[in-house]
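Accompanying notes for the structure given below.
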Amino acid sequence: MISFDSLPTTLGDGSTSTRRRALLELGSCGVLGLSWPTLLAAADTRETSDAAGFGQAKSCVVIFLWGGPAQQDTWDMKPEASSSLRSDFRPIATRVPGIEIGDQLPQMAQVTDRLAIVRSMTHRDFEHGTAAYTALTGHPHPVPGTNTTARPEDFPTYGSIVSRVGHNPHPVPDSIVLGPVMHQGNRPPIAGQNSGFLGLAYEPFRIADDPNRADFRVDSLKSVAGLPADRLRKRHRLLQSFDTSGPRVEPVRQVSGLDDLYQRAFGLLGSRETRGAFRLDSEPAALRDRYGRHRFGQTLLLCRRLVKVGVPLITVNWSKQNRDQWDTHAKNSSRLKNLLPPFDRGLATFLADLQDHGLLDSTLVVCLGEFGRTPWINKDAGRDHWPDCYSVVLAGGGIQSGTVFGASSRHASYPTVYPVGPWDLSATMFHCLGIPPHQQIRNRRGQPIPLSVGQVIDGLLV
């Protein structure tokens, strides 16, 4: 099911009852079967640069491992550490001589020639909520170390930024989030997942359903596919009547972002290729098996199909998939034996499949959590939060493959070479997408804010 954050209950005074009823009808079923925020705006211009890797990526896939995976059990093994510190897993050789990773990642070991492993990521926020905000926006939270929830003044998530300043020539959404909205416990959604101060017009297009289910479908697109052409035209005309009805419906214009976006919305709905991207049953069974018949694997297969039709920014949320998540305060090793095999299989197949379709060189793939895990093992056989040093993996468009960037201390406690932060990662991502990282946008108070407060990591670029 596709869903968005709820619209305000009041859309402004002065609307006639007829228009209000019509608007509510459109809002409840979605314009042409979609919710208002799917009508996304984008700038028509993009600066260019001769810098290495600039603009090489046409799409970006952000794989977010909610909870924070342990670096010393995956990408940054420390086999010489004492038994109270080192991983229960062993390092294994990979396709790239000299690069070793954990033995629970045998398939990823065969695709390290396509990876850049960053072993020196660092920040100082130990709490999930605000650390995730930093991971998903590239900006430190104004109140770090808390589990605050989303606020209207938040900096926008990556997909919303790409929607605002990028240039998407395809009749598809600018940003899609695959996977459930992330919460901590029973609290409201964590910060960093939505459009923040940009407003609802730039909210990502969300698909929360599990594509591994036999009955998986995207309800809004399915309902639109069956609408007769005359009904589509009537809905279009009704939208135009709202947009040209003068100042009495200006609040509606502000909420829905209605301006020159009708053609994109109609292109999305009328595009056979876009609707077909969600038809996983059209893929060979053998390929679906290679990805793994689990949520993560089938989500990545869907992701590849969305990349192929031109979606610029796709976020994949791993939140309690495979009946577990990456916050391994207890039973770290046994839980990783449950978490890592589907991750390994799905991601390795995804990278190979992108390569087979000629898409990897133009697709930036970024896999990260909000932080890493402690060097020591606690009394519950788990590892606790550790933002001081952790690993991030990149591949594809603009990235130098088959490399390790940075290094950590002997217990993976602190960076020893080339420490970088999430803000530097964000600058690098924007750079690869052809978006100047220090370009400014304005918040709700009209204040200019740079897209990134970090620096491009030149050592990662081709």
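Tell me which residues, restricted to segment 145-171, are β-branched (Val, Ile, Thr), touching a Leu at 6+ places or on another chain (Cβ under 6 Å) and assigned to a loop (DSSP other than H, G, I, E, B).
THR157 - this is the single residue of segment 145-171 that is β-branched (Val, Ile, Thr), touching a Leu at 6+ places or on another chain (Cβ under 6 Å) and assigned to a loop (DSSP other than H, G, I, E, B).
Within segment 181-208, how many residues are crowded, with 20+ Cβ neighbours inside 10 Å, within 13 Å of the chain's Cα centre (by Cα) and either of a type outside the set (S, T, N, Q) or under 19 Å from GLN440 (Cβ atoms) (or both)?
Of the residues in that region, 8 qualify.
Only one of (1) touching a residue at least 60 places away in the same chain (Cβ under 8 Å); (2) of a type in the set (A, V, I, L, M, F, W, C); (3) surrounded by fewer than 24 Cβ atoms within 10 Å (Cβ to Cβ) is not met by ALA381, so which one is it?
With (1) touching a residue at least 60 places away in the same chain (Cβ under 8 Å); (2) of a type in the set (A, V, I, L, M, F, W, C); (3) surrounded by fewer than 24 Cβ atoms within 10 Å (Cβ to Cβ) applied to ALA381, the lone miss is (1).
From the list ILE117, ILE161, exactly one residue is at pLDDT 95 or above and over 16 Å from the mean Cα position of the chain (by Cα). Which is it? Give the steps one after another, and end with the answer.
Details: ILE161 fails: over 16 Å from the mean Cα position of the chain (by Cα).
Going through ILE117, ILE161 in turn, the sole match is ILE117.
Of the residues SER241, SER245, SER223, which is at pLDDT below 90, outside the structural domain of LEU313 (by TED's automatic domain parsing) and outside any helix (DSSP H, G or I)?
On the way: SER241 fails: outside any helix (DSSP H, G or I); SER223 fails: outside any helix (DSSP H, G or I).
None of the others qualify; the one that does is SER245.
So if I check each of VAL177, VAL96, VAL111, which one is under 18 Å from the mean Cα position of the chain (by Cα) and not basic (Lys, Arg)?
Going through VAL177, VAL96, VAL111 in turn, the sole match is VAL177.
Taking segment 179-221 as the search range and keeping residues that are of a type in the set (D, E, K, R) and touching a residue at least 12 places away in the same chain (Cβ under 8 Å), which one is nearest to ILE314 (Cα to Cα)? Give the steps one after another, and end with the answer.
Kept after step one, since they are of a type in the set (D, E, K, R), are these residues of segment 179-221: 187, 203, 206, 209-210, 213, 215, 217, 219.
This time we only want the ones that are touching a residue at least 12 places away in the same chain (Cβ under 8 Å), so: 187, 203, 206, 209-210, 217, 219.
Working: ARG187: 25, GLU203: 13, ARG206: 10, ASP209: 15, ASP210: 16, ARG217: 18, ASP219: 19 Å.
Filtering segment 179-221 for residues that are of a type in the set (D, E, K, R) and touching a residue at least 12 places away in the same chain (Cβ under 8 Å), the one nearest to ILE314 (Cα to Cα) comes out as ARG206.
If we scan segment 353-360, do we find a residue that is among the polar types (S, T, N, Q), closer than 17 Å to ASP76 by Cβ and in the same structural domain as ALA70 (by TED's automatic domain parsing)?
We begin by selecting, within segment 353-360, every residue among the polar types (S, T, N, Q); these are 355.
From what's left, closer than 17 Å to ASP76 by Cβ: none.
Checked against the condition, which is being among the polar types (S, T, N, Q), closer than 17 Å to ASP76 by Cβ and in the same structural domain as ALA70 (by TED's automatic domain parsing), segment 353-360 yields no hits at all.
Tell me, please, whether a residue that is farther than 27 Å from GLY185 by Cα, among the hydroxyl-bearing types (Ser, Thr, Tyr) and touching a residue at least 60 places away in the same chain (Cβ under 8 Å) can be found in segment 268-286.
yes
Among helices (runs of 4 or more DSSP H) lying entirely in segment 250-341, which contain 3 or more residues that are modelled with pLDDT of 90 or more and surrounded by 16 or more Cβ atoms within 10 Å (Cβ to Cβ)?
285-291, 295-308
Which of (1) modelled with pLDDT under 95; (2) over 28 Å from ARG304 (Cβ atoms) is the odd one out, the single condition LEU85 does not satisfy?
(1)
Examine segment 130-144 for a residue that is in contact (Cβ under 8 Å) with a residue 40 or more places away in the chain and either assigned to a strand (DSSP E or B) or over 27 Å from ASP384 (Cα atoms) (or both), and state whether such a residue exists.
no
So which pairs qualify, if the first residue must be in segment 420-442 and in the same structural domain as VAL62 (by TED's automatic domain parsing) and closer than 13 Å to GLN56 by Cα, the second must be at pLDDT below 95 and assigned to a helix (DSSP H, G or I), the Cβ gap must be under 7 Å, and the two must be at least 6 apart or on different chains?
Sorted first by the residue in segment 420-442, then by its partner, the list stays empty.
May I ask you to say which residue of THR315, THR349 is of a type in the set (S, T, N, Q), assigned by TED's automatic domain parsing to the domain that holds ASP73, in contact (Cβ under 8 Å) with a residue 40 or more places away in the chain and in contact with a Ser or Thr (Cβ under 8 Å, 6 or more places away or on another chain)?
Unique residue meeting the criteria: THR315.
Take segment 67-114 and flag every residue that is surrounded by fewer than 21 Cβ atoms within 10 Å (Cβ to Cβ), basic (Lys, Arg) and touching a helix residue (DSSP H, G or I) at 6+ places or on another chain (Cβ under 6 Å).
If the condition is that a residue be surrounded by fewer than 21 Cβ atoms within 10 Å (Cβ to Cβ), basic (Lys, Arg) and touching a helix residue (DSSP H, G or I) at 6+ places or on another chain (Cβ under 6 Å), then LYS78, ARG95 are the ones that fit.
Pick from segment 124-144 the residues that are in contact with a helix residue (DSSP H, G or I) (Cβ under 6 Å, 6 or more places away or on another chain) and at negative phi: which of them is surrounded by the most Cβ atoms within 10 Å (Cβ to Cβ)?
Step one: filter segment 124-144 for residues in contact with a helix residue (DSSP H, G or I) (Cβ under 6 Å, 6 or more places away or on another chain), giving 125, 134-135, 138, 140-141, 144.
If we keep only those that are at negative phi as well, we get 125, 134-135, 140-141, 144.
Values: ASP125: 22, THR134: 26, ALA135: 28, PRO140: 19, HIS141: 21, PRO144: 18.
Looking at residues that are in contact with a helix residue (DSSP H, G or I) (Cβ under 6 Å, 6 or more places away or on another chain) and at negative phi, I get ALA135.
The values are calculated or read from the model by the stated rules, or taken from the named source; none is laboratory data. Treat the numbers as computed from the prediction; the structure is a model and nothing was measured. Note that we place each Cβ from the backbone using ideal geometry, even for glycine, and neighbour counts take in every protein chain shown.
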